[in-house]
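Comments concern the structure below.
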Amino acid sequence: MSMARSAAVLVLGAVLVLTSPAAGDVGVDAMPRGGRKMMGAIGEARGVVVRYFAKGANVKAAAAAAPPPRPAPAPAGSPDQFRGQPRLPRFAAPRRYDLRLRPDLVACTFNGTVAIAVAVSAPSRFLVLNAADLSVDRGSIRFRDVAPKNVVIFADDEILVLEFAKELPLGEGVLNMKFNGTLNDQMRGFYRSLIVSFERVLFLSFIYLVPFDCSKYQYKGKMKNMAVTQFEPVDARRCFPCWDEPAFKAKFKISLEVPSELIALSNMPVANESVAGPIKSVLYEESPLMSTYLVAVVVGLFDYVEGVTPEGTKIRVYTQVGKSNQGKFALDVGLKSLALYKDYFGTPYPLPKLDMVAIPDFAAGAMENYGLVTFREVALVFDEQSSSESSKQNVAITVAHELAHQWFGNLVTMEWWTHLWLNEGFATWMSHLAVDSFFPQWNIWTQFLGDTTAGLRLDSLEESHPIEVEIHHASEIDEIFDAISYDKGASVIRMLQNYLGAERFQKALAAYIRKYAYSNAKTEDLWAVLEEKTGEPVKNLMTTWTKQQGYPVINANLKGDYLELEQAQFLLDGSSGPGMWIVPITSGCSSYDTQKKYLLKSKSDKLAIKDIASQCGTRDKGGNFWIKLNINQTGFYRVKYDDELAAALQNALQAKKLSLMDKIGIVEDAHALSMACKQTLTSLLRLLYAYLEETDYSVLSHINTVSLSVARISFDATPGLVGDIKQVMIKLLLQPAQKLGWDPKDGESHLDAMLRPVLLDSLVRLGHEKTINEGVRRFRIFLNDRNTSLLPPNIRKAAYLAVMQNVTSLNRSGYDDLLKVYRKSAESEEKARVLGVLCSCKDKNIVLESLNFLFSSEVRYQDAYYLLQGIPVETREIAWVWLKKNWDLISKIAGDTQVGGLIRYVVTLFTSNEKAAEFSSFFATRKRPAFERTLKQSLETVRINARWIQGIRSEPRLAQTVRELLQRP
């Protein structure tokens, strides 16, 4: 792509310094490179001094800051002093933005103007703000009607430095400038939805002979572009120059110029709209104080459904034209969520309207923009005819999560990305609180243990990070949107609520929201309010959980009439870290009627058994004695029991004495301890067999996950035994699967409808021939009659997976049929089902063809992970070869976060130290800050599995145990 720019224009994304009034022309050649623009050859323009600074790796964004606190002395000197700083200087801060944008949805460009009311609080000759991938008209820049003498862009830091000849007056002045940019295809900043990048088109046309298809969304048979913003964490700077940090809250007055037939949405309601020929101008009401990452704009063609809260707040759900009925369920959840949160926080929803919009191309699941929440389609739309029960639940959880952010995140905003968990951990926890209120029959808090397990799994790696993680550069931010910030964050909140009590906790949270409304807060601010309102030592307790990474395993040993407890940091590599925690211990003995709660503040302690419960059962063989720690898994820790306690718990499990949550906790702890070689796989298999008669969805979901993990590691650890181990797993899952059958029953529960596909999918993966044959039979009927009752949405993936088990290069009809299903479907959920199985066969050529399908215009960037999730261990080597061969292309067309996901899905299929060394060597010169942590975690996982394999191979009774379990009734 060739672009010509006036010398009065700054191209952000290269590092270009203009040190005198513009004269002459500067020519810029730029090609899209992972969302950034790389400079071509630029000479010295007449009267303009052009300097270059080294551009680093494909750095994704800049940083964030604290609320404009007391004025800090502004340094003097050159603009260089602002380079390499994680946060913007504090001597000037925005108060109000007047932003005007005009997107061109045909040319995929935009231009705009911004007038920023800036408060200067300390003497300075500089203004420093963020900008990236924009062309700023240097001649338009004025502050208090004064032009800067020097304008510098540092691309690595994504900052724009304006140097003035004299010190700026203290107080408020207006900064004006004009700019333009590209509606990119990277799903960040200001981007176009459903578009194919130029590089991808070239690749397809040349390699696969795929015709050019600039596909967008379809309306009346024609393809249309949509313009969308995604600014979190630090991409508002890709739309307009701004102080792009959470703590620089300001008011926004936004106006848009768009084609008159399109719907244009922003955070606030429309204040005025005028039409001049084919263009309409839309002016929105001024927003309350908010951070730049919450600003939002959406332009396109939509239908909507609408509701109104009792307080008069209008809620709309926008969908693609013709799909408005699919927004009704989300609308219902949205209305209920606003009502619940208003009561829970004691503060009404702050804005006059709330829009929720389904976006065809969307990198995340959803984004909580103030008053204009954007969603990936599958996270917002639900169709009774084509959507599954799991999709319905996902919509409910996602809507409740994003609307919780309107209080925790938007009204009260983290001071800096170190405190991201205050946003995401609380929204995750609150979403479960809300959905449990709306749909108690879903038993959502038991399902929440899946989130806790994800947090525990990631936090047992050396390459994990604390909940409060130091952020030194914008490129580090994306990687902390992970299971630590979300799942561990939500889990320690649940732990704290259990310790304080639900009522005290709720009242304290409401006080915190009131105190910090429209401002920013740190984690310490939350602890201070909780301490003040409850009188409990919250800060001392919780600091051990948020400021250090990891968590403890509690070793429980019976010694006479005492229970001895000792904590040690749990790591999956078998080592023991240095961490120490204040642990809220809960325990029960032989019953849930009486529970003992106390804080373990030291390395070790002991409890008298009689203090746990007055009636604790007899410890004689056949008695009903058992002790369970971490009742209902409210604590974020694992427990390792001695042999006597473990055997007693297994007896209680088989006697159906334990709660659903404790059943999950026991098997998940045993699985982790086996991986860490702290317990044997042999003992894990015996424990799994104790769940033979289990029927609950949540418990069986965890049993299913552990079973597939065992089957997969056995492929490398015990190749001669893997077939028998799979048969044990089939035996475990077959009984509940047969009870449910393939066909839904009248009046069956939501949880049974969710359980059926979990069991059928796994039986297919484990090679159960009858299940595979039945899946294929139903698929053949479905091909001839898409409305058949024999293949409803809930079980389609199991049938699709079954079809792929028989696919080979010489027998590919099933594969081709699935591609036809994919191409004919207009539903995102159905497309995801098909993508999720295309790699699920043992034929390397088919897997390679499926992987290359990712490069076609038929697959959105956002959906790549569906396909990679299906790769079996038998074809992992071809996936690795594919990743290496196509690395340059992948790193260009996919964002850094997506690249990290691709690495994780491929690398963690392997289980040898030799492979880990090969991966390290390959990525040594290719890693980038935005996925470096993900790469390290993936390599650590490979080494952990290698160690686990060695432990399994040394178990003397494994084969005998597998045979015994197979022979049992």
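In summary, the lysines within cross-link reach of residue 328, defined as a Cα separation below 19 angstrom excluding same-chain residues under 8 places away, comprise 314, 336, 353, 392.
Note on residue 251: aspartates and glutamates with a C-alpha under 14 Å away, same-chain residues under 8 apart excluded, are 98, 285, 286. Here the contact order of the stretch 227-298, divided by its residue count and restricted to Cα pairs under 8 Å and six or more residues apart, works out to 45 percent.
On the principal axes of its alpha carbon atoms, the stretch 555-628 extends 38, 24, 20 Å, with the longest extent given first.
The equivalent ellipsoid that matches the C-alpha gyration tensor of the chain spans semi-axes of 48, 34, 27 angstrom, in descending order. Over the chain, DSSP H runs of length four or greater, each weighted -39,500 (n - 2.57), average out per residue to a 222 nm ellipticity of -11500 deg cm²/dmol.
The label point for residue 619 and the one for residue 580, both projected 7 Å from the Cα toward the Cβ, are 2.9 nm apart.
Just so you know, the Cα atoms of the stretch 303-389 work out to an Rg and Dmax of 13.0, 39 Å. Using the Cβ-Cβ distance between residue 276 and residue 865 with R0 set to 35 Å, the FRET efficiency from 1/(1 + (r/R0)^6) comes to roughly 0.20.
For each pair in 342/745; 820/927; 610/657, compute the distance between the two Cα atoms and list the pairs where it is over 27 Å. Cα-Cα > 27 Å for 342/745; 820/927; rest within.
The equivalent ellipsoid that matches the C-alpha gyration tensor of the stretch 408-550 spans semi-axes of 22, 20, 15 angstrom, in descending order. Overall, the anisotropy analysis places the stretch 476-533 in the oblate class: the square-rooted eigenvalues a ≥ b ≥ c of its C-alpha gyration tensor yield a/c not less than 1.5, with a/b not exceeding b/c. Footprinting exposure proxy ranking of 728, 907, 873, fewest other C-beta atoms within 10 angstrom first, gives 873, 728, 907.
The angle between the Cα long axis of helix 876-885 and the longest principal axis of the Cα atoms of the chain comes to about 10 degrees, rounded to the nearest 10. Against the longest principal axis of the chain, how steep is helix 913-923, in degrees 0 to 90 to the nearest 10, with axes from Cα atoms? It is inclined by approximately 10 degrees.
Using only the Cα atoms of the stretch 230-275, build the gyration tensor, take square roots of its eigenvalues as a ≥ b ≥ c, and label the shape rounded, prolate or oblate: rounded if a/c is under 1.5, else prolate if a/b is larger than b/c, else oblate. Note, shape of the stretch 230-275 comes out prolate. The HN-Hα couplings worked out from phi for the stretch 423-438 by the Karplus form 6.51 cos²θ - 1.76 cosθ + 1.60 (θ = phi - 60°) are 6, 7, x, 5, 5, 5, 5, 5, 4, 6, 4, 5, 5, 5, 6, 6 Hz, whole numbers, x standing for Gly and Pro. Between the Cα long axis of helix 489-500 and the first principal axis of the chain there is an angle of about 60°, rounded to the nearest 10. Volume per residue for the stretch 733-969 equals 155 cubic angstrom (convex hull of Cα atoms). Listed by chain and number, the lysines whose C-alpha is less than 17 Å from the C-alpha of residue 166, apart from same-chain residues fewer than 8 away, are 149. Across the cross-link table entries 628/663; 249/280; 539/640; 559/640; 224/323; 249/515, which are compared at the Cα atoms, the separations over 18 Å belong to 249/280; 539/640.
Any read-out appearing in this document is the output of simple, stated calculations on the displayed coordinates, not a laboratory observation. These numbers were taken from a predicted model, which means no experiment stands behind them. No Cβ is skipped: glycine too gets one built from the backbone with ideal geometry, and neighbour counts run over all protein chains shown.
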